[in-house]
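First the structure, in the form of structure tokens, and then the observations on it.
Taken together, the values in this text are just the output of simple stated rules run on the coordinates, not laboratory data. Here the structure is a predicted model, which is why all the values come from computation and not from measurement. Methodologically, a virtual Cβ is constructed for each residue, glycine included, from the backbone with ideal geometry; neighbour enumeration extends over all protein chains shown.
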Amino acid sequence: MKNFLLKHFIIFLFISTILITFGCGDKKAETPTRWDRAIDLKASDYDKLLSSKSIKFKGGINTSAGPVAFQLSKMLGKITSRNGQPVDDPFIDIKIWAITLPNFAIGGKELATITIEHIWDQEGSNVLNSKYSAAKEFCFSYEKDPFPHLSAGTTFLLNSGTTFADIKKIEGKFVFKLPVGVRTLSFNTLKDKGKVLTEACVKVELVSRRENIVRLQYEGSFDNQIGVIAFDASGKKLNNSGYAGGRFGDKADYSYQFEGKIDTVQVVLASGFVEREYPFIIEK
């Protein structure tokens, strides 16, 4: 009797092991999401993420448009223009939060645009300064506090003499530029000096490497590059501390610096981009 029970117990364990190993029913395994890694998603995958949750600021003058939120700052005064000259016109600062999305925290590529269409004052006049662009492209950074989210901020100039009290309503639109067909070209920085890798319409060469700096040369379509990621020997992603370089026709030459000793570097590319637009209104 004991041998009979033992035999059937062993058979039960074996069958249980098979079911655990291969799964059963329609339950799908969860795919781990790493916001600092390159992940190939379709437009429909992004749409599911964008419609799955919303985000909002707590406090201040703010509004939410589903997966992206905006907060108006009282910051007004002089700023420095791109040519280094002070600008006397007053300005507003708009903080932007978005839900966490794959491929948006890699850095390097401006994957979002905010356009301000009108800034209405109490008298019904548009006080947005028309001398400067009303559309701003920017990169997001990943932040953990007060909860995981993507964060950015930008400024818009107002007509001279405008005060914060004058502002009544801000109308604009926000656009996600979602990378699809994401691929990576991976170099071992200790072994691959001079190596050239090709993906779609771009060739990338690892020209040189120092402990925390890599130099890459590109030939072909540079517009589809999303960013460059580096890892140490343990596989830990290294923080990017800056880059320098430029584009020359269909060629580009950039050096990237990271916080730590580089073992592997990945160039992240997309085959294309799809846009998703979110109109918004901020009212005081």
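Data table
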quantity	calculated
Where GluC sites (Glu not before Pro) fall in DSSP loop in region 139-238, at most 12 other Cβ within 10 Å	211
Ratio Rg/Rh, restricted to region 119-213 and using Cα atoms, in which Rh is the Kirkwood radius	1.20
Ordering of 52-62, 172-182 by burial proxy (mean other Cβ atoms within 10 Å per residue, highest first)	172-182, 52-62
Extension gain from residue 73 to residue 139, taking 0.36 nm per residue of separation minus the Cα-Cα distance	21.8 nm
Spin-label model distance (nm) - residue 233 vs residue 61, 7 Å beyond Cα toward Cβ	5.5
Value of Rg to Rh for region 183-272 (Rh from inverse mean 1/r over Cα pairs, i.e. Kirkwood)	0.93
Sorted peptide list for 150-158, 224-232, criterion being average Cβ within 10 angstrom, highest first	224-232, 150-158
Relative contact order (%) - criterion: Cα under 8 Å, at least six apart; region: region 183-272	34
Under 30 Å between alpha carbons - lysine pairs in region 131-212 that sit 8 or more apart or on different chains	18
Two-site FRET efficiency, residue 244 against residue 51, from Cβ-Cβ distance with R₀ of 45 Å, rounded to 0.05	0.70
Span per principal axis, largest first, for the Cα atoms of region 83-152 (Å)	41, 31, 18
Charge sum, other residues only, whose C-beta stays under 11 Å from residue 257's C-beta, Lys/Arg counted +1 and Asp/Glu -1	0
Residue exposure sequence - 218, 243 - by fewest surrounding Cβ within 10 Å	243, 218
